[in-house]
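The values are calculated or read from the model by the stated rules, or taken from the named source; none is laboratory data. Small disclaimer: the values here were computed from a predicted structure and weren't measured. Cβ coordinates were reconstructed from backbone atoms using ideal geometry, including for glycine residues, and neighbour counts include every protein chain displayed.
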Amino acid sequence: MFAKGQTVIQLFEQFSPKHYAIPDDRIGLQLGTLNKEIRSILVALDVTDKVVDEAIDLGVDLIIAHHAIIFRPLKQLQTDTPAGKLYEKLIKHDIAVYIAHTNLDVAEGGINDMMAAALELSGLTPLEEVHTEKLYKLVVFVPKSHHRKVLDALFQAGAGYIGNYSHCSFNIDGTGTFKPEEGSKPYLGEVGTLEEAQEVRVEVIVPDNVHRKAVQAMLKAHPYEEVAYDLYSVDLKGRTFGLGRAGKLPKPLTLGELNEKVKAVFDVPVCRVVGDPSKTVRKVAVLGGSGSRYIRHAIFAGADVLVTGDIDYHTAHDALAAGLCLIDPGHNIEKIMKTGVADILRAKLIEHKYATEITASQVNTEPFQFL
């Protein structure tokens, strides 16, 4: 069985939800329809003419890419322009294009985590926080016979996390009263009779991204026809998500040694480097894409070096004056997302027993040549 387009995106957004994106970012479905069966998906960094040709050759129904193909509202669609020809080709071959940009940068396990993992960084923190997880408290009253079943269902749905602790709950024994009215089918007691039942009040913290799933899991495990429960927001800070990462190397390296490692793991022929190649570096900041704006963030995080793309001349001077080293391997190192996203989404589709195929694009979209 092949997944529908909406199902593919629902599974993808479990990992990289839209609300992680910075305001006004061009994300989501940009061309085509998801209201169809998806037999094959191509994951790409950029949607170029060669990438579209690759998708056509593979019989792809959907491209999931990092960089948008539509940056601003279209006033007209002329098929004799490069962009117009690209859109026309996609439409003629019924290939939809879905974009995950800063939400994929921010996501746990997303591009910045992929970059950090490639450099074996540990103790990761975001360079800039952009989203704080909203938390709820779910309170439900459960008969003692089903206490463990309901609690396990909540934990399996993702409830009960507080910081680095899982399976957190508070449970109070008490007596519940109810009177089944005409037309009811009570699990306990009889219609028209006031009943008392030994119940447990269960309290768990539920993050926003799973609160609906947790409620449904609780209702499914609960034996009552009408379940008494409360769900309310709490003034607690959940997990924070952000752009970039800062973390420590497994062992200190010189800037020159780290540069060689960057070239190897990101498969780039050359990097621009700011700083003394013999300087020892221990803490590294990484940010996929254009990182000139994040010099101060890297310094504030205590990084010795920032690995990012598109560093301009004046920013390089500012970093040098501040004592921050830079390694610029180019914007295209975000290509690490191709295999990363393909692996993650493939696992989710297999888990749900879908036969939809996923391929990481083999097209090199680096526009620069190093001569």
Quiz prompt | Out of LEU77, LEU119, LEU124, LEU104, sole residue that is in contact with a Gly (Cβ under 9 Å, 6 or more places away or on another chain) and without any contact (Cβ under 8 Å) to a residue 60 or more places away in the chain | solution = LEU77
Exercise. Determine which single condition VAL341 fails, assuming it passes every other condition in (1) more than 20 Å from the chain's Cα centre (by Cα); (2) of a type in the set (A, V, I, L, M, F, W, C); (3) closer than 20 Å to TYR98 by Cβ.
Key: (1)
Quiz item: Conditions: (1) surrounded by fewer than 19 Cβ atoms within 10 Å (Cβ to Cβ); (2) assigned to a strand (DSSP E or B). ILE63 meets all but one. Number of the miss?
Solution: (1)
Self-check item: Residues (of a type in the set (A, V, I, L, M, F, W, C), under 21 Å from ARG148 (Cα atoms) and modelled with pLDDT under 95) located in segment 186-212
Solution: LEU188, ALA197, VAL210
Quiz item: Do we find that GLY59 is at pLDDT 95 or above and within 18 Å of ILE358 (Cα to Cα) in this structure?
Solution: yes
Quiz item: Somewhere in segment 81-97, is a residue under 14 Å from GLY242 (Cβ atoms) and modelled with pLDDT of 95 or more?
Solution: no
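Residue by residue, here is whether (1) part of a strand (DSSP E or B); (2) at positive phi; (3) of a type in the set (S, T, N, Q) holds:
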residue: VAL202; (1), (2), (3): yes, no, no
residue: LYS213; (1), (2), (3): no, no, no
residue: GLN216; (1), (2), (3): no, no, yes
residue: TYR224; (1), (2), (3): no, no, no
residue: GLY238; (1), (2), (3): no, no, no
residue: LEU249; (1), (2), (3): yes, no, no
residue: LEU253; (1), (2), (3): yes, no, no
residue: GLU257; (1), (2), (3): no, no, no
Practice problem: Report, by residue number, each residue of segment 319-347 that is among the acidic types (Asp, Glu) and closer than 19 Å to LYS283 by Cα. | Solution: ASP328
Quiz item: under 28 Å from PHE170 (Cα atoms) and either crowded, with 17+ Cβ neighbours inside 10 Å or in contact (Cβ under 8 Å) with a residue 40 or more places away in the chain (or both): does that describe PRO207?
Solution: yes
